[in-house]
Amino acid sequence: RFRRWLAVPLRMFALATADGDKLARVVRLGLQFDNPLDQLEIARALDDEGAEVSVRVSMLGAQATALLLLGRPAAAIAAVDLAAVADPLDVELQLQAAEWRLLLPLAGIETPLRELSAARTTLERVAGLRPARAHWALALDAAARNDTVQRERHHAELRRSAAGSALAGELETYLRAFVHGTTSRPDSALRLTERIWVDVPDASVTARGPFVRGLVHLWRAHWHRALGHSDDASRELVWHENNDVRGWPSGAPLEGEIDAALSGVARILRTELLLERGKVAAACVLVMRVRQLWRSAEPDFAAWRARAERGALRCR
């Protein structure tokens, strides 16, 4: 992942030797090499409407995560939507189509307001099938909007689920932490989220959804910074260097892929922290790469691009 020169020969080898099925499995490892452009290009080439549904869904997932890392969240969400249309019986895809809209703003990445209402409706509809995830996302969304009535309604549903589910209990704890963090209690929020360091089984990771780990680490960095703990905040953001995609990714985007897709944001936050402490050389390695990644970012991503440009001023 941190020897990008390896990506070029690997790409050439994969294109020369793999049939479509094998290439469809390999392409989603592009983000693990910090190489979203090749991942996007190959995934689009393999995104054939005549292909098997599983292959098409996987290639749309590859496009979504690559586009997010490239600063194009609206296009990323559109790719997730196409995957949900391609396999309308896949509950995970329906969930993610809503989660991308509601949860990305909690990572500081805005999504169009006009689409949020439909996302809430989708989560209400599938809440009977995946109650913990649906009510967690809806409660967080309500908390971010300061809608205490809806937050408490979904929090109560999450508590009911938590009575018989360790997964729901974990999500309920993270919800309480988020509320504490947004009400000037960052120290309490940090204590409540220490479990995020624990490696959980694959089944639990899949059940809780792909955004949980990334969001919690981003929040923890913010809370550490609020307490003046710059070193701890910076260490928290190193989570994105994690490379634990297991097996050949397929289907809807997985947690490790979302970690990589959020790494641009994490790297800019790390850049700012490093510059505050005078560590210019380390900061420049991060920010100059992100500037490359965001070269064709969407207009609505302008605020993040501006932060990258400000950081890069110290590197000239």
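The values are calculated or read from the model by the stated rules, or taken from the named source; none is laboratory data. This structure is a prediction, so every number in the text was calculated from the model and none was measured. Every residue, glycine as well, gets a Cβ built from its backbone with ideal geometry; the counts of neighbours run over all protein chains shown. To get the accessible areas, we keep the full protein, side chains included, count just its heavy atoms, and leave off ligands, DNA and RNA. Shrake-Rupley method; radii C 1.70, N 1.55, O 1.52, S 1.80 Å.
Condition check: over 23 Å from Gly181 (Cβ atoms) and modelled with pLDDT of 95 or more. Does Arg72 satisfy that? Judged against the criteria, Arg72 is a match. When we screen Ala118, Ala162 for residues that are of a type in the set (A, V, I, L, M, F, W, C), touching a Ser or Thr at 6+ places or on another chain (Cβ under 9 Å) and farther than 27 Å from His240 by Cβ, the only hit is Ala162.
Of all residues in region 28-41 being under 17 Å from Ala252 (Cα atoms) and among the hydrophobic types (A, V, I, L, M, F, W, C), which is surrounded by the fewest Cβ atoms within 10 Å (Cβ to Cβ)? Looking at residues that are under 17 Å from Ala252 (Cα atoms) and among the hydrophobic types (A, V, I, L, M, F, W, C), I get Leu29.
Before we move on, is Val126 among the β-branched types (Val, Ile, Thr) and open to solvent by 10 Å² or more (accessible area, probe 1.4 Å)? No; evaluated as a whole, the condition is false for this residue. Here Thr182 meets each of (1) open to solvent by less than 50 Å² (accessible area, probe 1.4 Å); (2) within 21 Å of the chain's Cα centre (by Cα) with one exception, condition (1).
All conditions but one from (1) hydrophobic (A, V, I, L, M, F, W, C); (2) touching a Leu at 6+ places or on another chain (Cβ under 6 Å); (3) open to solvent by less than 20 Å² (accessible area, probe 1.4 Å) apply to Leu269; the one that does not is (3). Only one of the numbered conditions (1) touching a residue at least 40 places away in the same chain (Cβ under 8 Å); (2) open to solvent by 50 Å² or more (accessible area, probe 1.4 Å); (3) within 17 Å of Ala107 (Cβ to Cβ); (4) not acidic (Asp, Glu) is not met by Asn242, and that is (1).
Only one of these is modelled with pLDDT of 95 or more and either over 20 Å from Ile258 (Cβ atoms) or open to solvent by less than 20 Å² (accessible area, probe 1.4 Å) (or both): Arg151, Arg208, Arg160. Name it. Can you show your working first?
On the way: Arg208 fails: modelled with pLDDT of 95 or more; Arg160 fails: modelled with pLDDT of 95 or more.
Being modelled with pLDDT of 95 or more and either over 20 Å from Ile258 (Cβ atoms) or open to solvent by less than 20 Å² (accessible area, probe 1.4 Å) (or both) holds for just one of Arg151, Arg208, Arg160, which is Arg151.
On inspection, Ala83 does not qualify as assigned to a helix (DSSP H, G or I), open to solvent by less than 10 Å² (accessible area, probe 1.4 Å) and touching a His at 6+ places or on another chain (Cβ under 6 Å).
Would you be able to say whether some residue in region 108-116 is charged (D, E, K, R) and assigned to a helix (DSSP H, G or I)? Step through it out loud before you land on a result.
Within region 108-116, the first condition is being charged (D, E, K, R), and the residues that meet it are 110, 114-115.
Filter once more, so that each one left must be assigned to a helix (DSSP H, G or I): 114-115.
Looking through region 108-116, at least one residue is charged (D, E, K, R) and assigned to a helix (DSSP H, G or I).
Within region 275-316, restricting attention to residues that are open to solvent by less than 20 Å² (accessible area, probe 1.4 Å) and of a type in the set (Val, Ile, Thr), the residue that is nearest to Gln39 (Cα to Cα) is Val290. Can you confirm whether region 104-113 contains a residue that is more than 20 Å from Leu262 (Cα to Cα) and open to solvent by 10 Å² or more (accessible area, probe 1.4 Å)? Within region 104-113, one or more residues are more than 20 Å from Leu262 (Cα to Cα) and open to solvent by 10 Å² or more (accessible area, probe 1.4 Å). Restricting attention to region 190-204 and to residues that are aliphatic (A, V, I, L, M) and over 19 Å from the mean Cα position of the chain (by Cα), the residue that is most open to solvent (accessible area, probe 1.4 Å) turns out to be Leu192.
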